[in-house]
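Here's the structure we're looking at; comments come further down.
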Amino acid sequence: MYQTRAYSAASPTSPLDPDTIPRRDPTDHDVQLEILFCGVCHSDLHAVRDEWNSVMPTVYPIVPGHEIVGRVTSVGSAVTKFQPGDLAAVGVLVDSDGTCPQCQSNHQQYCPNLVFTFNSPDRHLGGVTYGGYSNSIVVDQRFVLRVPSNLDLAATAPLLCAGITTYSPLRHWRVSEGKKVGILGLGGLGHMGVKFARAFGAHVVVFTTSPAKVDDALRLGAHEVVLSRDVEQMNKHVGTFDFILDTISADHDVNAYLQMLGRDGHLTMVGLPSNPLTIPAFSLVAKRRSLSGSSIGGLAETQEMLDFCGAHNLTADVEVIPIQKVNEAYERLLKSDVKYRFCIDMTSLKSE
Ligand code: NAP
Ligand code: ZN
């Protein structure tokens, strides 16, 4: 076991503050990374503030962060995929049982025994896992991804969660040319959803509460932008969509968006507001509409997404911040003031 620097929160109402945490010494199958960049996901904020208490209570102190890009510093004797000096990435998962039907079909994100990068029981050290707001991490090689060499590293980190969480449902529901696709919310996930849906050939419509994001939405790849608080603009699209991806982080009226779907239209939730939804059965029955959810993606699909991004030169739009600004970034996330992912330059933690 060794110690590394990190930022942690001590309670739901505490800010993130400098801390020192333990990491295991790499076992035969482990890869040790020096973390270079870590994206700031709204899930980090939900977890730090214990907003998912009823489903996934937070254990304190919490070290969030699951959009990790780094350089390999050492590898265990059985590691074949990486060597010291390689660039590598870690996302939302760091372990799973490997034997259940979900793991066997490369859907590790649906394994009943999955281990999240933070706030999951740590079977090596006890306590809970600690995430990427830190200088170093040790992860089983099966959960470490290869980073395309042509991509900017800070802009690549958000692909590990915002990227795969939007790529996976857009692929699963076969978003492609000829489909009209809605993206709800232009934050970290939403802006990646726009980029992927456009890259897959769809007609892309962004729904936003932020008038200041309209020009950016078009620049990022949207064909149309709807201000969701403008009833007239909303009414124009009722009953016309094939697929809608809901990335909104706060409570909102999902039914208003179900109305946007045409016959056999489908809405997938990836956003995780803390309160339950109220959905009238009539909204689904009327046009054989359906509603589902989707969680990140499996390891093979995450690598596929990274390789797709490498081939298409596609990354996140990031505002790079030092770790000392992370509490401010959280406040800005709550005001939807993000363009479009905060990414922490982890070298800033070394100078503390
Ligand atoms: P984010 O960057 O904060 O973006 C969320 C966006 O939602 C905001 O920028 C805003 O977009 C919109 N929004 C916020 N409050 C709203 C409201 N009251 N009504 C309507 N729209 C509102 O968050 P993120 O990191 O993209 O994460 C989004 C959600 O996905 C979070 O709940 C997160 O926990 C969840 N998530 C799920 C998974 C998964 O596997 N399913 C993975 C990662 C994250 P506009 O300014 O355009 O309105
Ligand atoms: Zn995330």
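Numerical summary
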{"item": "Conditions (1) outside the structural domain of Thr156 (by TED's automatic domain parsing); (2) within 28 Å of Ser210 (Cα to Cα): number failed by Val326", "result": "(1)"}
{"item": "Residue selected from region 237-263 under the condition out of contact with any strand residue (DSSP E or B) (no Cβ under 8 Å at 6 or more places or on another chain) and among the charged types (D, E, K, R), by the criterion most open to solvent (accessible area, probe 1.4 Å)", "result": "Arg263"}
{"item": "Which listed residue is away from ligand 2 (no atom under 16 Å from the Cβ), touching a residue at least 60 places away in the same chain (Cβ under 8 Å), surrounded by 14 or more Cβ atoms within 10 Å (Cβ to Cβ) and of a type in the set (Gly, Ala, Ser), from Gly70, Gly91, Gly39", "result": "Gly70"}
{"item": "Residue satisfying condition, being in contact (Cβ under 8 Å) with a residue 40 or more places away in the chain, more than 27 Å from Asp19 (Cβ to Cβ) and open to solvent by 10 Å² or more (accessible area, probe 1.4 Å), within set Asn135, Asn106", "result": "Asn106"}
{"item": "Cβ pairs under 9 Å, 6+ apart, first in region 329-345 and free of Cβ contacts under 8 Å to residues at least 12 places away in the same chain, second open to solvent by less than 50 Å² (accessible area, probe 1.4 Å)", "result": "Arg332/Val338; Arg332/Phe342; Asp337/Ser210"}
{"item": "Test: residue in region 160-180 that is of a type in the set (Gly, Ala, Ser), within 30 Å of Pro26 (Cα to Cα) and within 16 Å of ligand 2 (Cβ to nearest atom)", "result": "yes"}
{"item": "Meets criteria (in contact with a Ser or Thr (Cβ under 8 Å, 6 or more places away or on another chain) and buried (at least 24 other Cβ atoms within 10 Å of the Cβ)) for Ser168", "result": "yes"}
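The values are calculated or read from the model by the stated rules, or taken from the named source; none is laboratory data. On a predicted model such as this, the values are computed, not experimentally measured, just so you know. Note: ideal-geometry Cβ built from the backbone for every residue, glycine included; neighbour counts use all protein chains shown. For accessibility, only protein heavy atoms count, side chains too; no ligands or nucleic acids. Shrake-Rupley method; radii C 1.70, N 1.55, O 1.52, S 1.80 Å.
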